[in-house]
1. Is it the case that Lys13 is out of contact with any strand residue (DSSP E or B) (no Cβ under 6 Å at 6 or more places or on another chain), outside any helix (DSSP H, G or I) and at pLDDT 80 or above?
2. Six or more apart or on different chains, Cβ atoms under 7 Å: show the pairs whose first residue is in the stretch 62-77 and of a type in the set (Lys, Arg) and whose second is modelled with pLDDT of 95 or more and exposed (fewer than 13 other Cβ atoms within 10 Å of the Cβ).
Amino acid sequence: MSNTNCNCKCHEKSEKTKQRTARREAKKGLAVEGSKEKRKPSAYAEFVRANYSKVRDFPVKERFKKISVMWKEEKAKTSKKS
């Protein structure tokens, strides 16, 4: 039988555990103080979001192969315009 009300340090959370818990809470949006602002999605992430429906019927590996080809074509078009 364990006694969790003892005065020893064996039941205290380590500093590493406290940090891990703080990170989890921050991810869930529970920790407001000192939390980082969510950064803007990259151009690639926005492109994938916009074009994912076009390749949804393919198997996963093929989906991202096709998305990457589409992305390279899009990049080539935009770099020629510049």
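The values are calculated or read from the model by the stated rules, or taken from the named source; none is laboratory data. Here the structure is a predicted model, which is why all the values come from computation and not from measurement. Reconstructed Cβ throughout: ideal geometry from the backbone, glycine too, with neighbour counts over all protein chains shown.
1. On the way: out of contact with any strand residue (DSSP E or B) (no Cβ under 6 Å at 6 or more places or on another chain): yes; outside any helix (DSSP H, G or I): yes; at pLDDT 80 or above: no.
No; evaluated as a whole, the condition is false for this residue.
2. Sorted first by the residue in the stretch 62-77, then by its partner, the list stays empty.
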